[in-house]
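First comes the structure, then the notes that go with it.
The values are calculated or read from the model by the stated rules, or taken from the named source; none is laboratory data. Just so you know, these numbers come straight off a predicted model, no measurement behind them. Neighbour counts are summed over all protein chains in view; Cβ atoms, including those assigned to glycine, are modelled from backbone coordinates with ideal geometry.
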Amino acid sequence: MMKLTGAQILMEVLKEEKVDTIFGYPGGAVIDIYDALAKTDIRHVLVRHEQGAVHAADGYARAAGRVGVCLVTSGPGVTNTVTGIASAYMDSIPVVILSGQVPTGLIGNDAFQEVDIVGITRPCTKHNYLVMSIEALAATVKEAFYLARSGRPGPILVDIPKDITKEFLDYVPVDEVKLKSYNPTYNPNMKQLNKIVTLIERSERPLIFAGGGVILSKGSVELNELARKTQIPVTTSLMGLGAFKESDPLSLGMIGMHGTYRANMCTAECDLILAVGVRFDDRVTGKTDAFAAQSQIVHIDIDPTTIRKNIPVTIPVVGDCRISLQHLNRLIDQVNLGDLTAKRKKWFDRIGEWKSTNSLAYRQTDTIKPQYVVEKLYELTKGEAIITTEVGQNQMWAAQYYQYDQPNHFITSGGLGAMGFGLPAAIGAQVACPHKIVVDIAGDSSIQMNIQEMATAVQSGLPVKIVILNNGYMGMVRQWQELFYDKRYISTCMDCAPDFVKLAEAYGAVGLRATKPEEVESVLSEGLAVSKPVIMDFIVEREEGVYPMVPAGAAITDMLLV
């Protein structure tokens, strides 16, 4: 046994959990933790704002498929993390947030930089802890990692008072975590899976709807196998992009408010939906009583509270998506599905008709179209880049015009829609995947939410690329004002944005700009080739809209196409 301080014990547990990177910002309540961290091989990435620390840990977790970790001080340090925590919670991302707290004897006394972060974050964490003794520290941190990655993943906060980080204890490693009240169901009910096989056999117009749960469970290979075996077309949610190869003929693209025409129309006429790892959120379903009105619905998810939460379900299956798909593929192999090409002919003919309506077409003009920038980025990176996004029009264009054939290559704040997410998430993804090209597709409004993280990228030597689709507006809100508020553009004009080229140079990065369509490819090529952080500022059509678009409260088949 070794006599260690609480801070040293924390480092030992982090090493046992194979943590290699922490994103953080120091302060008085965590100064002993930072002193202990300096004596380890764990990399620390110094962010410029604590919100950026959580978003970076989130981006790291998504790109690496591992738990992301951030470390912040008490009071304003930890309250600055709440947006990032809520974003990770909505998207089920495994992040452990380590926060400092005032000494135990001062808790409840309104001490300097004291805040009840456990109370504040209770609604937006999977679980959280206030450590009240050094004896509980190691087991608590172990539990935090176990909870973050198991079942339906999510963020876990561990609040550690300053005096506990300084106390000494004989350290005994915690071998195993066992929680009597927490037992996620990984293996599905086989009777339910057999019922699904029967429905697949009988179905003439089936559809697979895949979400982020497929990616989180690492079930993309099994999903692709199921779709090809059964010749069922696939649509994905925003969070599910990359779970199924979009280059595959069976791919219908994204479903929902800004989904493809063919994907949305399929929901109106399909007779079976196999929903895997989805939440059926409002941006997907639109008017719920009009969603998939002719269809039986199978819902596979590891979280039982998600099933039947928003949409009635014919066959519920509680289980890990990857394991459930593995079992389902084995069952499919045991039955004779007959000539699926002939059986699905009418269905694919109908889908072909919908595909002929190219809802993602746009008209090229003398100004730069944002869609064109994303398409060129895809061509130049051959679809191999990790794409992060800010939130708004830039996010939707990134989802629509970059083709995702791999999981963990599209990283966005889906459920919360947090502006300022993309740049710190790109930093986290670049740390996780140093040999990958990482690009943040941004808007000129959203990028300014956490633009200070350019300093993080430069100081840490992370060659992230930022592609700004600069229309001088808070674009998505402006589009809503145009369509539904008689073009009353209230507080959405962003004409006082900085010169992003000069701003990049001020941070020690590279700044490039394109103002004409013929300049787009050369600016992208130059920016991608530079081994430094780069801001590429594309001055795009000011009032270009994102289409298709389903108005709020409408059925997803009631799309505005232009």
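Quick notes
For (1) in a loop (DSSP other than H, G, I, E, B); (2) more than 23 Å from residue 532 (Cα to Cα), each residue gets a yes or a no:
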{"residue": "365", "(1), (2)": "yes, yes"}
{"residue": "371", "(1), (2)": "no, yes"}
{"residue": "374", "(1), (2)": "no, no"}
{"residue": "395", "(1), (2)": "no, yes"}
{"residue": "398", "(1), (2)": "no, no"}
{"residue": "431", "(1), (2)": "no, no"}
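- Failed item in (1) among the small types (Gly, Ala, Ser); (2) on the phi > 0 side of the Ramachandran plot; (3) touching a Lys or Arg at 6+ places or on another chain (Cβ under 9 Å), with residue 383 passing the rest: (3)
- Against the test of being farther than 19 Å from residue 91 by Cβ and of a type in the set (S, T, N, Q), the options 395, 371, 406 yield a single qualifying residue, 371.
- Filtered residues of the stretch 201-256 (kept if within 12 Å of residue 405 (Cα to Cα) and either modelled with pLDDT under 95 or of a type in the set (Gly, Ala, Ser) (or both)): 220, 240, 242, 243, 247, 251, 253
- Just one of the listed residues (403, 448, 430) is farther than 14 Å from residue 467 by Cα, touching a Pro at 6+ places or on another chain (Cβ under 8 Å) and outside the structural domain of residue 83 (by TED's automatic domain parsing), and it is 430.
- Where strands (runs of 3 or more DSSP E) sit wholly within the stretch 1-97, those with at least 1 residues that are within 22 Å of the chain's Cα centre (by Cα) and in contact (Cβ under 8 Å) with a residue 60 or more places away in the chain occupy 21-25, 43-46, 68-72.
- Any hit, the stretch 522-540, residues being closer than 25 Å to residue 401 by Cβ, aromatic (Phe, Trp, Tyr) and touching a helix residue (DSSP H, G or I) at 6+ places or on another chain (Cβ under 9 Å): yes
- Criterion violated by residue 132 - all others in (1) part of a helix (DSSP H, G or I); (2) in contact with a Pro (Cβ under 8 Å, 6 or more places away or on another chain); (3) within 20 Å of residue 12 (Cα to Cα) satisfied: (1)
- Restricted to the stretch 433-479, and to residues there that are among the aliphatic types (A, V, I, L, M) and in a strand (DSSP E or B), the residue that is surrounded by the fewest Cβ atoms within 10 Å (Cβ to Cβ) is 468.
- When the stretch 314-357 is filtered for residues that are free of Cβ contacts under 8 Å to residues at least 12 places away in the same chain and either surrounded by 11 or more Cβ atoms within 10 Å (Cβ to Cβ) or of a type outside the set (Gly, Ala, Ser) (or both), the ones remaining, listed by number, are 330, 334, 336, 339, 345, 349, 353.
- Residue in the stretch 496-505 that is aliphatic (A, V, I, L, M), in a loop (DSSP other than H, G, I, E, B) and more than 28 Å from residue 287 (Cβ to Cβ) present: yes
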